[in-house]
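The values are calculated or read from the model by the stated rules, or taken from the named source; none is laboratory data. What you see is a predicted model; the values in this text were computed from it and never measured. When we count neighbours, we look across all protein chains shown, and the Cβ atoms used for this are built from the backbone with ideal geometry, even at glycine. Calculation scope for accessible area: heavy atoms of the full protein, side chains included, ligands and nucleic acids excluded. Shrake-Rupley method; radii C 1.70, N 1.55, O 1.52, S 1.80 Å.
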Amino acid sequence: MKPAAFDYACPDNVGEALTILAERGAGARICAGGQSLGAMMNLRLMSPEVLIDIAGLDELKSIAMTGGAIEVGAAVTQAELLAWPDLAKTQPLLAWMLPWVGHYQTRQRGTICGSLAHGDPSSELPLALAVLEGEVLLASRRGRRVVAAKDFQLGMMATDIADDEMVVAARFPTAQVGAVSAFHEIAQRHGDFAIVAVAAVGNRNSVRLGVGGVADSPGVIELKWPVNNDQLNDFAWSLGGADDQHATARYRRELVRRIGRRVVDEVRDALS
Amino acid sequence: MRYLEAGKRHAVRFTLNGELVEGEAEPRLLLSDFLRQTLGAYGTHVGCEHGSCGACTIRVDGKAVRACLLYAVQMQDRAVTTVEGLAAPDGLNALQAALQKHHGLQCGFCTPGILMSLEQLLEEEPGADEARIRDVLSGHICRCTGYHGIVQAAVEVFGEVFGKR
Amino acid sequence: MWRTGKVNKTNNNAWIGRSIARLEDPALLRGGARFADDLATPANVCHAAFMRSPIAHGEIVALDTAAARAMPGVVAIITGAEMLAHSAPFITGVKVAAPQYALATDRVRYVGEPVAMVLAHDRYRAEDALEAINVEYAPLTPVLDAMAALEGLVLHPDTNSNVLHERYFSYGDPEGVFAAAAHVVAGTYHYPRNSCTPLECFCVIADYDPGEDAFEVTANFQGPYTLHTVMSRSLKVPGNRLRLKTPPASGGSYGVKQAVFPYVVALGVAAKIAGRPVKWLEDRFEHLTAATSATNRVTTLRAALDKEGRVLALDWDQLEDCGAYLRAPEPATLYRMHGNMTGAYAIENLAIHNRVVVTNKTPTGLMRGFGGPQIYFPLERLLDKAAAELGLDPLALRRRNLVPSGAMPYRTAPGALLDSGDYTTSLDRAVADGGLDDLLSRRDAARAEGRLYGIGYSVVVEPSISNMGYITTLLSPEQRDRAGAKNGALATATVGFDPSGAISVAVSSVPQGQGHRTVLAQVVADVFAITPKDVSVMTEHDTAKDPWSIASGNYASRFAGAVAGATHRAAISLRDRLTLIAAADLNVPPDEVAYGAGRIFAQHNPDNALPLGRLAAKAHWSPLSIPDGAGVGLRETAFWNMAELTEPDEGDRINSSGAYGFIFDFCGVEIDPDTFAVRVDRYVTMHDAGRLLNPMLADGQIRGGFAHGLGAALLEELSYAPDGGFQAGTLADYLAPTVMEIAELTILHDQTPSPFTPLGAKGLGEGNAMSTPVCIANAVSDALGREITALPLTRSNLAELMLEAEPPGKAKVFHGHALEGRGSTAVPASPEEVWAILLDDNRLAAVIPGCHDLVKSGDNSYRADVTLGVGPIKGRFAAKVALQDLDPPQSLRLVGSATGPLGRSEGEGHISLHPTREGTQVDYAYTVRISGKVAAVGGRMMDGAVRALINLFFKRLVSQTGVREERFDPSFWERLLALLGVNR
């Protein structure tokens, strides 16, 4: 279980990273924390020609409030965001979800943006981005662009990042006044990939419900109050999902109905 | 920009348990392999090479991380701590002694990694309660002990250290 | 309760029986212990990596290693052909024409079976070369299910059935008792495949000396040393030409490291061919996929009971699945428990029907509990079922049937001699001291609140110290006569003084974390009245230099009873001789000689004393001064055997183990009604394992066995897809409990010494691997009010058991890895044009996703080099594509396969073309099967990957029509995806 050979690039700034990306395209891979990438490379599921290590780039290490969102640089680790003193009050949902991402040891190396770029549909951070309707900032030599969450993740480990692009930051909107959120995750063991993860954000008018672990990317639905079980059932079915060795598709749908109900009710109760 | 070509060996230098160490590594050489095979620091064990078991956990600049998910070349100028750096030559530190006392190890293969995680927690959160200790330990798999002695040992040491503060 | 057993003097200062801290620990805690991979290797060592089968069953049609051989750093590549030339098949206990070599020779029979071995300068380069080896397989239908194996394709062509062993046994009069019984209960139970997965994987370092035709191997092997014979025979050398050494420390085993032996042969052959030392360190993916497994077993068990709930007879039908090959010591899993197939109960009548089948799964082997969980899951489930049917309390029913107090030693119907214990008293004490009443109240309170709470019980006899003859029970008495008797359980130990007067111990056990050094130091310290830290215990073993025998090794819980006992014998012999020397020096009769505090003195004149070390040294420095009768050289090797371990008798009665501990467990579980997560609320385990040598270490063993048992009950499975693809290739897929999943455990002990072991001790490390899975299953059954017939009780499995009809939905649902789908798409070209694209080599190449190079290999059949993947995961595959059942321009079938380092896929699609006003409506249906690495570690990704590829296929088909995609209805892909059940 050893990785195939690769060139290792440790750029001094984002510009240098983008130059390599422009030159090497699909053969290049950004490595921030490498907690998913490294494992897949050891298994030789992925064998990039060049690994671009951005973990040390200071310009990607900031957590900042910008325009109603928490902007998290691409080199910010999950542990660093979790330890950010303003997190719980500006976006409690993230504060609840982050402890579910991997383990203490992997969160100290794994980054927020790396998890988004990896695009595993059972991970918590893509779900958080989707249900909060966040954005991802992409950069290439061609320029920068902002992609909304719903347009960012295209499928199983597939994102809208072009071959010459990299994620430079992610934006998680801060909690609106009067908004309430809730989160539950069902995994086989503590720290495992979710069988089903359900997150919700609601206000007086509606609730936005997101589900990870079922479809190829997080599924999100916006529901007006009151939310009935038929709506949750339709949502559960609409996500598709398949049997795997950990859970049947049917069990996953049942969890979407039941945990979805629990999460929606928690939001409703907190609002009243 | 530091750019290291595949297939060639490159000089790597960092501090290991406070001492400067040097060696050569291809970019793909895992840190776990570099520590063990190049530097002869066999205390760090390899159990899965995909970040799941925790046996290879070491500390880089104080943070407990998986050595199997890092490359040796990434350690340039960093400070790495491994199990060999924990105790004075003639003894055991508090966590080590407590693990022995509470039979928190059997085959001992997972133990160095567990020690490195608990060491960081003890430094940063000496007031950690049992739930927090368990949360941190959940990043390690032990197949021998059923975890009982490990938790007991940690709870005892955290209680003592916190009590003294 | 404390009884001293065979040790004559009760010594309050004895080290035995005390929970002293382990001597092993400081080195382990400081990172200074030496495991196999830490040992120095010669500078010219090369490193091995294995090419493994991605499919469950198939012929190897072609194996091309030329490109790999030419790669930098590659020393040699070894295939089945070399194994055929340089090794013999592994010998097995059952003589069948199903040969196994260390590498597949013509056919592969399980995912992960080694097919070729690369030797290179380092492991990285060895793995690089694996990717350049091309193997072409002709797949055969895999046989996965044990029941299906009875009728399925025969795995080994020289046999006529997948049933490689079958025997009937009858003890007492089971037929008569069943015919007359007041009640008969029956159930069929499935025990799954699982593994104890030690944290350290296998490691082998092999060298070969052509001058001596001798192999020298270091491996983290654990025994049984019966396998030394298997290895040397396979390497075609006598036993004295295979020197097998074990490292000082081993990172866990729980039986598993028995299965390193095929690799000892593989590496031995490799070293011989390469002419230099060779090292292999198994990686976790290899370990989970292909190392070994517990047997999965289908058991139909019937019990005949009287009206009071006394079990009068049992009728076992056991179908054992040993995987693709019957690899030694299998089918031992099926026979280890043979003598105690009546559990802890006095049941006089017993029928057993045993069958062993081979299937396309990893070969099985030793595993903590070995054979125990497979019998106690059915037995203890069935007793719950019997209690329910008879309206009895399940605990009362068990208690009524226990081997009665005072009956020890008790001969069971199938021949076990239960050595000691008072089962009823131990059970009653556990009920009282373990707080069963409180637990019952807890259940009442929980149920009153509508919560799902249940209580389970299990009663188990835990055998230890295997009889080397038990496996011969599978032979008929006539066959046994011809083969010659096998019996006993020889243990050896050596204790000696060196010239400095210091004492050392060496044993033929190979500890993997149990603390043998500490316990042996305690044993020897008591004999000489010194302290354990004065005793040096060697745990490396070297077959060339250390005494050993076939029963040697660290398995069958034989340490406390046999190995510590043999050590005690050796130490006593040595002391007897030292006593003679001392008597001469002290000028007192030998029975006046006493030991204490590192001195030897005259019992009635303690001032007449000499340091023990000085006297011991004298034997080296002044042998002529040693009195007659004290011998020469202070070193004693004891061989200890147990007279009770006789071979099976003519009635097939076998005392399969030397000692039998007693375990009674009960637990309370609560189940989340929404998620079906099982939480073990309380768990109490009562053990009577005879005399405890170090209670702290004993409890450590119990906790470890409990963790394995809990994992087996709730989480762990080495699962296979229906097509034979292995699904649990990482520790994120094979779910060992973490500290969050484990439950608190209350441990209770009784200590009734075994009359048959030197120290009165029995094994106890495996018991909870036997008792815990069924105890939790019984509690879950009690909580849910449902019969439980299979493990593990994952949330999803329980949900499938409990959920009622599901509210309907619209979306198409896929199942497992046998990916299926159908769909329809519009193409803006006539059916004739579409047909022409599909039948044109160049244009077909442009349609097949990732196709680099398409070469016609026959009529409408092609070979291609393709790159396929999901997201960033991509790999190169050698693909074969054929167009069949051509009905131009209306329909055809597209059949293909792709093989590469990431695995193998096979699929077929039926395509039909229907003319429409805009062009053609293409209807299609497909099935895809995926196995190998990508299925083993990325099961979650498969559906998405297949759908993405089909998506791409049609996208390219459309582009081949020359129509620009923009002309299409923008919602077209959305509709296609919706049809395929994909929602974005």
TODO: Would you confirm whether any residue within segment C:657-671 is surrounded by 24 or more Cβ atoms within 10 Å (Cβ to Cβ) and not in a strand (DSSP E or B)?
DONE: no
TODO: Working only within segment A:237-252, note down all residues that are within 7 Å of chain C (Cβ to nearest Cβ) and either among the charged types (D, E, K, R) or part of a helix (DSSP H, G or I) (or both).
DONE: A:Trp237, A:Ser238, A:Asp243, A:Asp244, A:Ala249, A:Arg250, A:Tyr251
- [ ] Confirm whether A:Gly38 is modelled with pLDDT of 95 or more and either assigned to a loop (DSSP other than H, G, I, E, B) or surrounded by fewer than 23 Cβ atoms within 10 Å (Cβ to Cβ) (or both).
- [x] no
Task: strands (runs of 3 or more DSSP E) lying entirely in segment C:136-211 (those with 1 or more residues that are basic (Lys, Arg)) - done: C:163-171
TODO: Determine if segment C:909-920 includes at least one residue that is surrounded by fewer than 23 Cβ atoms within 10 Å (Cβ to Cβ), free of Cβ contacts under 8 Å to residues at least 12 places away in the same chain and among the charged types (D, E, K, R).
DONE: yes
Task: Pick from segment C:476-493, criterion open to solvent by 10 Å² or more (accessible area, probe 1.4 Å) and in contact (Cβ under 8 Å) with a residue 40 or more places away in the chain, ranking: nearest to C:Ala344 (Cα to Cα) - done: C:Asn487
Task: Of all residues in segment A:162-184 being closer than 21 Å to A:Ala22 by Cβ and either out of contact with any Leu (no Cβ under 6 Å at 6 or more places or on another chain) or buried (at least 22 other Cβ atoms within 10 Å of the Cβ) (or both), the one that is nearest to the other protein chains (Cβ to nearest Cβ) - done: A:Asp163
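On the given criteria, is C:Asp969 outside the structural domain of C:Phe285 (by TED's automatic domain parsing) and modelled with pLDDT under 85? Give the derivation first.
Working: outside the structural domain of C:Phe285 (by TED's automatic domain parsing): yes; modelled with pLDDT under 85: yes.
Yes.
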TODO: Go through segment C:430-470 and give me each residue that's polar (S, T, N, Q) and over 28 Å from C:Asp419 (Cα atoms).
DONE: C:Ser441
- [ ] Six or more apart or on different chains, Cβ under 6 Å: which pairs go from a residue in segment B:147-165 that's assigned by TED's automatic domain parsing to the domain that holds B:Cys107 to one that's open to solvent by less than 10 Å² (accessible area, probe 1.4 Å) and of a type in the set (Gly, Ala, Ser)? Could you list them?
- [x] B:Gly149/B:Gly104; B:Ile150/B:Gly104; B:Ala153/B:Ala98; B:Ala153/B:Gly104; B:Glu156/B:Ala98; B:Val157/B:Ala98
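Which one is farthest from the other protein chains (Cβ to nearest Cβ), of the residues in segment B:1-12 that are part of a strand (DSSP E or B) and within 14 Å of B:Leu29 (Cα to Cα)?
Looking only at segment B:1-12, we keep the residues that are part of a strand (DSSP E or B), and these are B:2-4, B:10-12.
Now restrict to residues that are within 14 Å of B:Leu29 (Cα to Cα): B:4, B:10-12.
On the way: B:Leu4: 4, B:His10: 8, B:Ala11: 13, B:Val12: 11 Å.
Checked segment B:1-12; the qualifying residue farthest from the other protein chains (Cβ to nearest Cβ) is B:Ala11.
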TODO: Within segment A:124-141, track down each residue that is small (Gly, Ala, Ser), out of contact with any Pro (no Cβ under 7 Å at 6 or more places or on another chain) and surrounded by 23 or more Cβ atoms within 10 Å (Cβ to Cβ).
DONE: A:Ala128
Task: Enumeration of residues in segment C:718-733 that are more than 8 Å from chain B (Cβ to nearest Cβ) and either surrounded by 24 or more Cβ atoms within 10 Å (Cβ to Cβ) or more than 15 Å from the chain's Cα centre (by Cα) (or both) - done: C:Leu718, C:Tyr720, C:Ala721, C:Pro722, C:Asp723, C:Gly724, C:Gly725, C:Phe726, C:Gln727, C:Ala728, C:Gly729, C:Asp733
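The rows are residues; the columns are (1) more than 30 Å from A:Gly56 (Cβ to Cβ); (2) over 12 Å from the mean Cα position of the chain (by Cα).
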| residue | (1), (2) |
| --- | --- |
| B:Ala79 | no, yes |
| B:Pro89 | yes, yes |
| B:Ala98 | yes, yes |
| B:Gly104 | yes, yes |
| B:Cys107 | yes, yes |
| B:Leu115 | no, no |
TODO: Return only the number of the condition from (1) out of contact with any Pro (no Cβ under 7 Å at 6 or more places or on another chain); (2) outside any loop (DSSP other than H, G, I, E, B); (3) of a type in the set (S, T, N, Q) that C:Thr637 does not satisfy.
DONE: (1)
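Quick grid of which residues meet (1) open to solvent by less than 10 Å² (accessible area, probe 1.4 Å); (2) assigned to a strand (DSSP E or B); (3) modelled with pLDDT of 95 or more:
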| site | (1), (2), (3) |
| --- | --- |
| A:Glu16 | no, no, yes |
| A:Gly25 | no, no, no |
| A:Ile30 | no, yes, yes |
| A:Arg44 | no, no, no |
| A:Gly56 | no, no, yes |
| A:Glu59 | no, no, yes |
| A:Met65 | no, yes, yes |
| A:Ile70 | yes, yes, yes |
| A:Glu80 | no, no, yes |
Open item on the list: Return the residues of segment C:119-149 that are open to solvent by 40 Å² or more (accessible area, probe 1.4 Å) and within 28 Å of the chain's Cα centre (by Cα); say none if nothing qualifies.
Closed with: C:Pro139, C:Leu140, C:Thr141, C:Pro142, C:Asp145, C:Met147, C:Ala148
Open item on the list: Cβ-Cβ under 6 Å, sequence separation 6+ or interchain: first residue in segment C:61-82 and at positive phi, partner open to solvent by less than 60 Å² (accessible area, probe 1.4 Å) and assigned to a strand (DSSP E or B). Which pairs?
Closed with: C:Gly73/C:Ala120
TODO: List the helices (runs of 4 or more DSSP H) that sit entirely inside segment C:768-869 and contain at least 3 residues that are away from chain A (no Cβ under 14 Å).
DONE: C:831-839, C:841-847
Open item on the list: Can you tell me which residue is farthest from the chain's Cα centre (by Cα) among those in segment A:188-203 that are open to solvent by 10 Å² or more (accessible area, probe 1.4 Å) and modelled with pLDDT of 95 or more?
Closed with: A:Asn203
Open item on the list: Quick check on A:Leu51: is it at pLDDT below 95, closer than 30 Å to C:Thr289 by Cα and facing chain B (nearest Cβ under 8 Å)?
Closed with: no
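Count, please, the residues in segment C:785-837 that happen to be among the hydroxyl-bearing types (Ser, Thr, Tyr) and at pLDDT below 95.
Of the residues in that region, 3 qualify.
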